[in-house]
Amino acid sequence: MLFTFDSVAKFVAGFGGSTKTGWKMTVSHASVFTPMAAEIPPYVDVDTILKDLRDNHVATPKGKKQSDLAAVVKDAQAHGIQLNIVVVEGNKGRDSDLRDLATTIGSHEKGTVAVFSDDWIGTSSDSIHRARLEWAEDKAKYQGGGHATTAAKIFVSRLEQPEQISWTAITSVILAVTVAAIGGLYVVKSRRAARERTAEQAGPESVAGAAH
């Protein structure tokens, strides 16, 4: 059975509550968090990147060596991770721009997309949880310009490690607690409404009895 935040939101709204979410999550084998809308950094050409990815799943600025990064991609593939690596120069804009770019590329390429700048990483995946992606990103950041291969190796190495926590299970528990809380709220409000109706009905009868 699948639950989404949208369906929970509608359920809550039925009891006078409200929720606002910019994310949609489905409990399945792999719950993936993806922004509802992505802003493409103005300094990149998505079409050029997609063309560059076709031969070895690596896209870099012109003149940059790709063989080492291609070897990282092959290592990831050997461990069941379908990876695309994109490298951009400098740390332009915001670090969140890299994630938006990864999300856009991920809408064209299957698997996991990792975008590396000099110090930042942005990722998107249709098979790996957002929490795990960010955990893998943490140690790979701030390697400095020209060290994209080192950052990529750290990132992939962490993804290849056995997962210690089942994020799907955690998500399921959170949703179960949310639904239980909503159900409890419904019961409380129903009982309160029933008591109020009983009091309203008893009011006129009490007055009539006192008159006699």
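The values are calculated or read from the model by the stated rules, or taken from the named source; none is laboratory data. All values derive from a computational prediction rather than experimental measurement. Neighbour counts run over all protein chains shown; Cβ positions are idealised from the backbone, glycine included. Keep in mind that these areas ignore ligands, DNA and RNA; they rest on the heavy atoms of the full protein, side chains included. Shrake-Rupley method; radii C 1.70, N 1.55, O 1.52, S 1.80 Å.
General observations
- Gyration tensor verdict on segment 83-162 (Cα atoms; rounded if a/c is under 1.5, prolate if a/b is larger than b/c, oblate otherwise): oblate
- Probe 1.4 Å, accessible area per residue of segment 99-187, Å²: 47 Å²
- Taking segment 102-142 and a reference point 7 angstrom along Cα→Cβ of THR150, the backbone N atoms nearer than 13 Å belong to 118-119, 140-142.
- Rolling a 1.4 angstrom probe over segment 71-156 with all protein chains present gives an accessible area of which 46% lies on carbon and sulfur atoms.
- Gain in span if fully extended, SER96 to THR198, counting 0.36 nm per residue against the direct Cα distance: 31.1 nm
- Net charge of Cβ neighbours under 12 Å - reference ILE121; Lys, Arg +1; Asp, Glu -1: -3
- The order of the peptides 185-198, 101-114 by mean Cβ neighbours within 10 Å, most packed first, is 101-114, 185-198.
- The calculated FRET efficiency for LEU50 paired with GLU160, based on their beta-carbon distance and R0 = 25 Å, is about 0.45.
- A Förster radius of 41 Å combined with the Cβ-Cβ distance from TYR142 to ALA181 puts the calculated FRET efficiency at roughly 0.55.
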